[in-house]
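Visitor: Got a structure here, written out as structure tokens. Questions coming.
The values are calculated or read from the model by the stated rules, or taken from the named source; none is laboratory data. Note that the coordinates shown come from a computational prediction; the quantities given were computed from them, not determined experimentally. Note that we place each Cβ from the backbone using ideal geometry, even for glycine, and neighbour counts take in every protein chain shown. Each accessible area value is taken on the protein alone, full model and side chains, heavy atoms only, with ligands, DNA and RNA left out. Shrake-Rupley method; radii C 1.70, N 1.55, O 1.52, S 1.80 Å.
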Amino acid sequence: MLQALFGFFLIMMAATFGYEPSVLENNNAIAKPGSQAGRLKVDESSTGDLDLQSHDRQHAQHPASNESVSANNPQGEAVRRTKDVEADDYDPHDHQDVAHPTSNVDTLFHLLKGCIGTGILAMPEAFKYAGYVVGFIGTAIIGVICTLAVHMLIDSEYELSKRRRVPSLSYPQVGRAALEDGPPKLRWLARYMSGCINTFVLANQMGACIAYIIFVASNMQAVVDTWTGTALPLRVWMVIVTVPLILLSWVRDLKYLAPFSTIAISVTLGSFGVILYYVFRSIPVLDDKVAVGELSKFPLFFGTAMFSLEAMGVMIPLKNEMKNPKAFGGWNGVLNRAMVPIVVLFICLGLFGYLQFGNAVEASVTLSLPQDEVLAQCVKLMMALAIFVSHGLMNYVNFDTIWTKTLLPRCEARKLSPRTQLLYEYLVRTAIVLVHFTLGAIFTNLGLVISLVGALCLSMIGLTFPAMIHMATFWYSCPSRRSFVWLVVRDGAVVVLGFVALVIGTYVSINDIIKDMNK
């Protein structure tokens, strides 16, 4: 990870001092990333997997071939031109083979569902940190920047897939391929990029699961304590919640969780209708509300908004599952049509939730609903149920990364029996949930956990990595100096924004968590 972070600064240095007019104005003088010199080898007879190792060996044996094409080799130049023409005729969208492709409307609803969860319920508290004016403007700006970052990643994935003549690439593959096509001095970072992206994605999924446990336990505690008059500690409720979560994690096939997911979505939509009723049922006043919050609290607002709005991990899979993937991007594409109502919904719930409940608003707006009203209690239980089921789906990604892709190959290499492998699998599934519980029991403040995850993980996978990938992908594809400068300024600004948010947001969140624990 240190190498990757160091690479961010190298990219900015290269962007500032490494521009050569001949690169952009004389394309015949250098091998473009889409040419034979800059392309990963692909076995045409195979399933289309990238032969990354063979590319590394080729680069090690012929480093000069990745930077220039010799003028004394006209035959090689002709071959390069031919391959470039062939690459231009290849459209990855026309070669995607999806068994059950989704329509534009289906993808639109998937995006809407992917952004509605515990994050949006924390937006009123985020507005408390920022103030209703700064929160309104800040959420809109963050929504625009997040959407821009998704466009960067999608455009890069399409361009890199076209150069390699493969139907699609995953997020980590896009990161590695982009650096291999980028500035020559940074190509050594390519082998670390996939692991770096996977690490942040895994940390984000783990953080979301921790927030889910705290959310479910907090809402159940609020309802049961009101009914029974007891006051069990939150950590006791987390133990009660963790036991069935372990059993849920033992479900090995994702298809068995699909019906529960459908129920959870229906329950969530119904619950949001009731939450909006409580938010708008009386006219709020501005007397005790702040328009501009404290500057020291703004990183908490930024982290919460990033956690709520960002769903970068599902963007490429959703696009690749579409019947018409070309309709995903563009000004009037599915992405923009989904993000506009999402940002508007987040602003409305955050703004009016804060104006309705004021500084007494909780980390989840459900906890701010009236304790003694049956309708409010039903909403808390329904949302707890929906998030409980979502934990099983979210945890599936953690398990797939830790067990299927990391530990299982080692067990197979040691030739362990299937029964022993199955035992280890259940132990790993249980251990993952216990890790979520342990960290949740340590950091019980839901709002601070959400802010920390947003600042630590989503600022990187949602802002810095996409902008870095986009800059490296189109480093040699700008038609003019002006477009190159615009590429560097725009993408570089997003890279810096994400990295600054990572450092400052993580520091402020951890500092507040420590203060909260000391209390």
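Visitor: Given a 1.4 angstrom probe, what's the average accessible area per residue across the stretch 88-167, in square angstrom?
Guide: Values: 3070 Å² over 80 residues.
Here the per-residue accessible area is 38 Å².
Visitor: Now, a different point. Can I get the semi-axes of the stretch 336-406's equivalent ellipsoid? Compute them from the C-alpha gyration tensor as square roots of 5 times the eigenvalues, in angstrom, largest first.
Guide: Numbers: eigenvalues 182, 78, 24 Å².
Semi-axes (√(5λ), whole Å): 30, 20, 11.
Visitor: Work the Kirkwood hydrodynamic radius out for the stretch 464-519: mean of 1/r over every pair of different alpha-carbon atoms, inverted, in Å.
Guide: Working: mean 1/r = 0.0763 Å⁻¹.
For the stretch 464-519, inverting the mean 1/r across all distinct Cα pairs yields 13.1 Å.
Visitor: Over the stretch 337-458, what is the relative contact order in percent, taking alpha-carbon pairs closer than 8 angstrom and at least six residues apart?
Guide: On the way: 28 pairs, mean separation 26.6, N = 122.
Answer for the stretch 337-458 is 22 percent.
Visitor: Find the percent of Cα-Cα distances in the stretch 126-181 that exceed 19 Å, and round it to a whole number. Intermediate values should be presented prior to the final figure.
Guide: Working: 717 of 1540 pairs.
Across the stretch 126-181, Cα pairs with separations above 19 Å total 47 percent.
Visitor: Express the relative contact order of the stretch 156-205 as a whole percentage, based on alpha carbon pairs under 8 Å and six or more residues apart in sequence. Write down the numbers at each step before the final one.
Guide: Values: 40 pairs, mean separation 14.8, N = 50.
Once normalised by length, the contact order is 30 percent.
Visitor: Rounded to a whole number, what % of the accessible area of the stretch 168-304 do carbon and sulfur atoms account for, probe 1.4 Å? Can you show the working numbers first?
Guide: Working: 4310 of 6340 Å².
Here it works out to 68 percent.
Visitor: For the stretch 101-219, restrict the atom set to alpha-carbon positions and state the Rg and Dmax in Å.
Guide: 18.2, 53
Visitor: Right, another one. Rolling a 1.4 angstrom probe over the protein heavy atoms, how many square angstrom per residue are accessible across the stretch 220-337? Intermediate values should be presented prior to the final figure.
Guide: On the way: 6310 Å² over 118 residues.
Normalised by residue count, the accessible surface of the stretch 220-337 is 53 Å².
Visitor: Could you sort 463-474, 433-444, 287-298, 379-390 so that the peptide with the highest average Cβ count within 10 Å comes first and the rest follow in order? Display every interim value, and only then the final one.
Guide: Working: 463-474: 27.3, 433-444: 18.9, 287-298: 13.7, 379-390: 22.4.
Output ranking for 463-474, 433-444, 287-298, 379-390: 463-474, 379-390, 433-444, 287-298.
Visitor: Cα convex hull of the stretch 239-312: how many Å³ per residue?
Guide: On the way: hull volume 14.7 nm³, N = 74.
It comes to 199 Å³ per residue, whole-number rounded.
Visitor: List every residue whose amide H lies under 5 Å from the amide H of Met322, counting only residues 5 or more places away in sequence or on a different chain, with H placed 1.01 Å from N in the peptide plane.
Guide: Counting only residues 5 or more places away or on other chains, the set is Thr102.
Visitor: Could you rank the peptides 491-501, 240-250 by their average count of other C-beta atoms within 10 Å per residue, with the highest value first? If you can, show how the numbers build up before the last one.
Guide: Numbers: 491-501: 19.8, 240-250: 16.7.
Ranked from most to least packed, the peptides come out as 491-501, 240-250.
Visitor: By accessible area of protein heavy atoms, probe 1.4 Å, what ranking do Phe307, Phe260 get, highest first? Provide the component values of the computation, followed by the final result.
Guide: On the way: Phe307 25, Phe260 110 Å².
The ordering from most to least exposed comes out as Phe260, Phe307.
Visitor: Can you give the relative contact order of the stretch 429-519 as a percent, counting alpha carbon pairs under 8 Å and 6+ residues apart?
Guide: Details: 57 pairs, mean separation 40.0, N = 91.
Over the stretch 429-519, the number comes to 44 percent.
Visitor: Among 231-237, 121-127, how do they line up from the highest to the lowest mean number of other beta-carbon atoms within 10 Å? Write out the running numbers ahead of the final one.
Guide: Values: 231-237: 13.7, 121-127: 29.6.
Result, highest mean first: 121-127, 231-237.
Visitor: Given a cut-off of 18 Å, what percent of all Cα-Cα pairs of the stretch 169-290 lie beyond it?
Guide: Working: 5531 of 7381 pairs.
Roughly 75 percent, rounded to a whole number.
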